[in-house]
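Following: one structure in structure tokens, then a few remarks.
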Amino acid sequence: SQTIHQWPATLVQPVGSPLSLECTVEGTSNPNLYWYRQAAGRGLQLLFYSVGIGQISSEVPQNLSASRPQDRQFILSSKKLLLSDSGFYLCAWSAHERGYGYTFGSGTRLTVV
Amino acid sequence: GDSVTQMEGPVTLSEEAFLTINCTYTATGYPSLFWYVQYPGEGLQLLLKATKADDKGSNKGFEATYRKETTSFHLEKGSVQVSDSAVYFCALGFNAGGTSYGKLTFGQGTILTVHP
């Protein structure tokens, strides 16, 4: 069966520090991968998506970047965090078939102080 | 562009009450429709889905029917429990092999609180 792992679960970082959040998928190959941010426990904002190794599309220009160094690994990074980067970050994957939808990771709660 | 509109929340109900959360969509084409649930502090979980008109998705007592004529996918449950308290998201999406790359368009979420 397919599983998705996301870590760390919580993170407190000072302003100006770097960030690296990792997401890995098991039990499938060539998934579509997505990073979302959720603010105020409600709306979901798509940050990045990837359809293959090294292929990254950005939905919103910002202080963050994403990389996909391996087929089932998706990394969200920042060189210098801002207070506004605080939020709940969710990784998700999808298969290449109609109606598959997303499977989400458990999320990372990031607080920038 | 594609969009999903959910009823404004929060929704507060007593245990065993009937639940309806409205969801309507606008899309170019023939999307699949989804309901996701998010419990406090957790990621989103797929609750149910439907991929074509008149399909009924169901899970854990929740149901939703894909109504193409009214572009709706309303979530219903006959008798809610305290454990159903969560945020519910309606979403639409297209084939991951198409130009949308499988991206889902989400509604803004509806907070449900069920009291004993």
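Quick notes
- Take the conditions (1) buried (at least 21 other Cβ atoms within 10 Å of the Cβ); (2) within 13 Å of chain A (Cβ to nearest Cβ); (3) on the phi < 0 side of the Ramachandran plot; B:P40 misses just one of them, which is (1).
- Only a single item in (1) within 7 Å of chain B (Cβ to nearest Cβ); (2) surrounded by fewer than 20 Cβ atoms within 10 Å (Cβ to Cβ); (3) assigned to a strand (DSSP E or B) is not met by A:T111, and it is number (1).
- When the range B:2-19 is limited to residues that are at negative phi and in a loop (DSSP other than H, G, I, E, B), the one that is modelled with the lowest pLDDT turns out to be B:E8.
- Residue match in the range A:71-78 (condition: in a strand (DSSP E or B), β-branched (V, I, T) and within 14 Å of the chain's Cα centre (by Cα)): yes
- Among the criteria (1) within 29 Å of B:W35 (Cβ to Cβ); (2) of a type in the set (A, V, I, L, M, F, W, C); (3) in contact with a helix residue (DSSP H, G or I) (Cβ under 8 Å, 6 or more places away or on another chain), the one A:A92 does not fulfil is (3).
- Only one of the listed residues (A:S78, A:S50) is away from chain B (no Cβ under 14 Å), of a type in the set (S, T, Y) and surrounded by 17 or more Cβ atoms within 10 Å (Cβ to Cβ). That residue is A:S78.
- From B:T65, B:T51, residue being more than 25 Å from A:W35 (Cβ to Cβ) and within 10 Å of chain A (Cβ to nearest Cβ): B:T51
- Scan the range B:15-34 for residues that are facing chain A (nearest Cβ under 10 Å) and closer than 25 Å to A:G105 by Cα and the total you get is 4.
- Qualifying residue in the range A:83-95 (condition: more than 10 Å from chain B (Cβ to nearest Cβ) and exposed (fewer than 14 other Cβ atoms within 10 Å of the Cβ)): yes
- Some residue of the range B:20-27 being more than 22 Å from A:C91 (Cβ to Cβ) and at pLDDT below 95: yes
- Residue ID - farthest from B:F106 (Cα to Cα), chosen from residues in the range B:47-79 that are among the hydroxyl-bearing types (S, T, Y) and not in a loop (DSSP other than H, G, I, E, B): B:S58
The values are calculated or read from the model by the stated rules, or taken from the named source; none is laboratory data. All values derive from a computational prediction rather than experimental measurement. No Cβ is skipped: glycine too gets one built from the backbone with ideal geometry, and neighbour counts run over all protein chains shown.
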